[in-house]
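Contents: one structure, followed by commentary.
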Amino acid sequence: MNARDLELTLAAARAVGPCPPGEEAAWGEQVLARAVHLYTLADTVGLDLARLDAAKQFTATLLSVLVEDTSTRGVLLLRNTSGELERLRTDRGDSEAGRAMIERARGLVGHRLRVYRLNEQMASNAKLQVRTVVHLTDHGLDTDPVQEHSAKENVLAAAEGDKEAARRAWQEAGLPESGSVSIHQLVDALARVPAADAL
């Protein structure tokens, strides 16, 4: 037995606990099952850490989370520190990792985040890449005001240049005609942009 297998077996035995007298066979099966679980878990952790190592990091505020019908991926709309909007996708929502990221992101709307992003090749077309979020670190609610011009530019960008749709979203959200707005107000306006439903 090599050192890794011995360490894995010992870790599994510790996790299962002491062997009750006379139940050696059942205990051995539990240890084996736990060791296999730990082995596959370590493999998954290794892959996730490799993705984190390769990811680009930046700070941004999360403004919305939608799910694409076709791919089931979550689409995160973020406002970076330059005030520009970025769209990132999660892993597929029909995977455990994708579902978990979508749910986590939904609870972080309006928060300032450290974002870990990868450019990954699309499975259907190796020439195209998907900007994928692989991790989010929460730094709390973003309480900084958003300057009026920047906020209006964000709403216009989300409306894909449709000035009337942007104006209507701004008004429906009850945002002031002049002066800065809060992240919460900007999130509300962006949620009213019709184009947001078709990301």
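The values are calculated or read from the model by the stated rules, or taken from the named source; none is laboratory data. Being a predicted model, the structure only gives us computed values, none of them experimental. Neighbour counts are summed over all protein chains in view; Cβ atoms, including those assigned to glycine, are modelled from backbone coordinates with ideal geometry. Protein only, heavy atoms only, side chains kept; ligands, DNA and RNA dropped before computing areas. Shrake-Rupley method; radii C 1.70, N 1.55, O 1.52, S 1.80 Å.
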The one condition residue 135 fails out of (1) open to solvent by 50 Å² or more (accessible area, probe 1.4 Å); (2) part of a loop (DSSP other than H, G, I, E, B) is (2)
Taking segment 54-80 and the residues there that are among the polar types (S, T, N, Q) and more than 18 Å from residue 190 (Cα to Cα), the one that is surrounded by the most Cβ atoms within 10 Å (Cβ to Cβ) would be 71
Contact list, first residue from segment 16-45 and within 14 Å of residue 4 (Cα to Cα), second anywhere and of a type in the set (Ser, Thr, Tyr) and surrounded by 10 or more Cβ atoms within 10 Å (Cβ to Cβ), beta-carbon distance below 9 Å, six or more apart or interchain, is 35/9
Of (1) surrounded by 15 or more Cβ atoms within 10 Å (Cβ to Cβ); (2) touching a Leu at 6+ places or on another chain (Cβ under 8 Å); (3) free of Cβ contacts under 8 Å to residues at least 24 places away in the same chain, residue 163 satisfies every one except (1)
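Any idea which residue in segment 17-31 is nearest to residue 135 (Cα to Cα), counting only those that are open to solvent by 60 Å² or more (accessible area, probe 1.4 Å) and in contact with a helix residue (DSSP H, G or I) (Cβ under 9 Å, 6 or more places away or on another chain)?
Of segment 17-31, the ones open to solvent by 60 Å² or more (accessible area, probe 1.4 Å) are 18, 21-25, 27, 29-30.
Next, from what is left, pick out any that are in contact with a helix residue (DSSP H, G or I) (Cβ under 9 Å, 6 or more places away or on another chain): 18, 27, 30.
On the way: 18: 37, 27: 37, 30: 33 Å.
Top of the filtered list is 30.
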Of the residues in segment 91-129 that are part of a strand (DSSP E or B) and open to solvent by less than 60 Å² (accessible area, probe 1.4 Å), the one that is modelled with the lowest pLDDT is 120
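Picking from 87, 14, 34, 51, which residue would you name as being under 30 Å from residue 193 (Cβ atoms) and either outside any helix (DSSP H, G or I) or open to solvent by 40 Å² or more (accessible area, probe 1.4 Å) (or both)?
Values: 14 fails: under 30 Å from residue 193 (Cβ atoms); 34 fails: under 30 Å from residue 193 (Cβ atoms); 51 fails: under 30 Å from residue 193 (Cβ atoms).
That would be 87, the only listed residue that is under 30 Å from residue 193 (Cβ atoms) and either outside any helix (DSSP H, G or I) or open to solvent by 40 Å² or more (accessible area, probe 1.4 Å) (or both).
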